[in-house]
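Structure, as structure tokens:
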């Protein structure tokens with residue numbers, strides 16, 4: 001785990017990563033493999049996930065043992081494994097607070113008792129200082145308005161309309177859509 005400069009598990013991580021990439025084969029990702037491939041991949045993913053969680057727990061314990069939290073009454077350790085700093089709101093013990101965690105790093109914090117006013121929300125609208133997203137009664141997105149750009153991003157009646165097609169392939173399952181398959185069923 002590079003977050004604390006400990007590269008002792010690099011070979012184990014490399015092995016897990018290579019196996020994960022094998023499971024990202026071009027037929028597996030888009031759903032164009034046969035059923036048996038997905039059954040085998042699921043077993044492999046469970047094994048890989050279990051091993052990854054074990055490695056993370058081991059490294060997390062080592063990292064936290066080396067951090068002095070004596071100046072905190074009730075310390076919480078936040079991790080950010082992404083390559084970008086994260087600045088977001090977090091709920092701790094019933095109170096909200098804004099936290100910035102550096103890229104590929106961690107931060108020790110403690111709960112804040114300051115009052116937080118939440119962005120507005122209703123069953124048909126979510127709104128904050130940057131966006132207003134509206135839904136119709138079926139739960140479909142009908143508007144995404146960016147307040148900073150003063151711009152609407154939905155040009156059609158709705159944005160999240162999914163369509164399913166019935167597979168009637170005669171020879172290659174998960175590969176062939178018949179030429180006569182022109183329309184599908186809209187999903188709720």
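The values are calculated or read from the model by the stated rules, or taken from the named source; none is laboratory data. Given the structure is predicted, the values throughout are model-derived calculations rather than measurements. Note: ideal-geometry Cβ built from the backbone for every residue, glycine included; neighbour counts use all protein chains shown.
The table below lists the values:
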| item | result |
| --- | --- |
| Residue identified as farther than 30 Å from residue 172 by Cβ and not assigned by TED's automatic domain parsing to the domain that holds residue 130 among 23, 16, 29, 48 | 16 |
| Which numbered condition residue 151 misses (of (1) modelled with pLDDT of 85 or more; (2) surrounded by 10 or more Cβ atoms within 10 Å (Cβ to Cβ)) | (2) |
| Qualifying position, being modelled with pLDDT of 80 or more, touching a strand residue (DSSP E or B) at 6+ places or on another chain (Cβ under 9 Å) and in a loop (DSSP other than H, G, I, E, B), among 159, 103 | 103 |
| Criterion violated by residue 63 - all others in (1) under 26 Å from residue 130 (Cα atoms); (2) in contact with a helix residue (DSSP H, G or I) (Cβ under 9 Å, 6 or more places away or on another chain) satisfied | (1) |
| Every pair of residues 6+ apart whose Cβ atoms lie under 7 Å, when the first sits in the stretch 114-139 and is more than 26 Å from residue 97 (Cα to Cα) while the second is in a loop (DSSP other than H, G, I, E, B) and at pLDDT below 85 | 136/158; 138/188 |
| Residue, surrounded by the most Cβ atoms within 10 Å (Cβ to Cβ), within the stretch 28-69, restricted to residues that are free of Cβ contacts under 8 Å to residues at least 40 places away in the same chain and not in a helix (DSSP H, G or I) | 28 |
| Residue within the stretch 115-131 that is under 30 Å from residue 28 (Cα atoms) and either under 22 Å from the mean Cα position of the chain (by Cα) or surrounded by 14 or more Cβ atoms within 10 Å (Cβ to Cβ) (or both) present | no |
